[in-house]
Amino acid sequence: EFGDYFIITSEGGKGLIDQENEEITPAVYSEFKAWNDTSFWAKDTSGWALLTYSQEEIMDGMSDLTTIAEVEKETFLKILKDQNYGVLSNSQGVILEPGYNDIVNVGTMERPVFFAEQHLETASIFVVTYFDKKGETIRSQAYRPEEYDRIYCDL
């Protein structure tokens, strides 16, 4: 069971059907993850996609999904798309668009503060921005590599 739906298995993979035995997804996925009441994550050979229960694709091409914070019933995922990280919320949607070299929750699971790094190679500068759980900037600072090495210690 997957919420109000059922996971079916065939030689091609896993799919979803509803209680009337109507297909929600074809059986081409290897894994499903619940997201919210209107959408879910499905993984196939090209990565993770966010799909609606009415068979619409919201976003695709995610190669990694990692839970980095949970505030009451809200879940925050660190996503990896095209070698760039972003943050999504199951109730707010996109918190940070994929465009960062790394994102770390330097707060707590219940009170997240997102440390987002952008490395500007041509300028040899690291830009660090701290965001709250709504994606609003708390602070932003640029560092030269030798300065950055002093503040970043594999958070």
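Please treat every number below as a calculation from the coordinates, not as lab data. Being a predicted model, the structure only gives us computed values, none of them experimental. Here Cβ is always computed from backbone atoms with ideal geometry, including for glycine, and neighbour counts include all displayed protein chains.
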Exercise. Do the sum for the chain: with -39,500 (n - 2.57) for every DSSP H run of n ≥ 4, divided by all residues, what is the mean residue ellipticity at 222 nm, to the nearest 500 deg cm²/dmol?
Worked result: -1000 deg cm²/dmol
Exercise. Once amide H atoms are placed 1.01 Å from N in the peptide plane, what residues at a sequence separation of 5 or more from residue 61, or on another chain, have their amide H within under 5 Å of its amide H?
Worked result: 48
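Please tell me the relative contact order of the chain in percent, rounded to the nearest whole number, where contacts are Cα pairs under 8 Å and at least six residues apart.
Details: 330 pairs, mean separation 14.9, N = 155.
After rounding, I find 10 percent.
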For this session: Highest first, please rank the peptides 124-137, 31-44 by the mean number of other Cβ atoms sitting within 10 Å of their residues.
Result: 31-44, 124-137
Problem set entry | Cβ-based net charge around residue 113, under 9 Å, with every Lys or Arg adding one and every Asp or Glu removing one | +1
Exercise. For the chain, what is the charge dipole size about the Cα centre, in debye to the nearest 20, if Lys and Arg each add +1 at the Cβ and Asp and Glu each add -1 at the Cβ?
Worked result: 640 debye
For this session: Please go through region 44-97 and write out the trypsin sites (Lys or Arg not before Pro) that DSSP classes as loop and that have at most 11 other C-beta atoms within 10 Å.
Result: 73
Problem set entry | Residue (of 112, 66, 12) at the positive-pole extreme of the chain, dipole from beta-carbon charges | 112
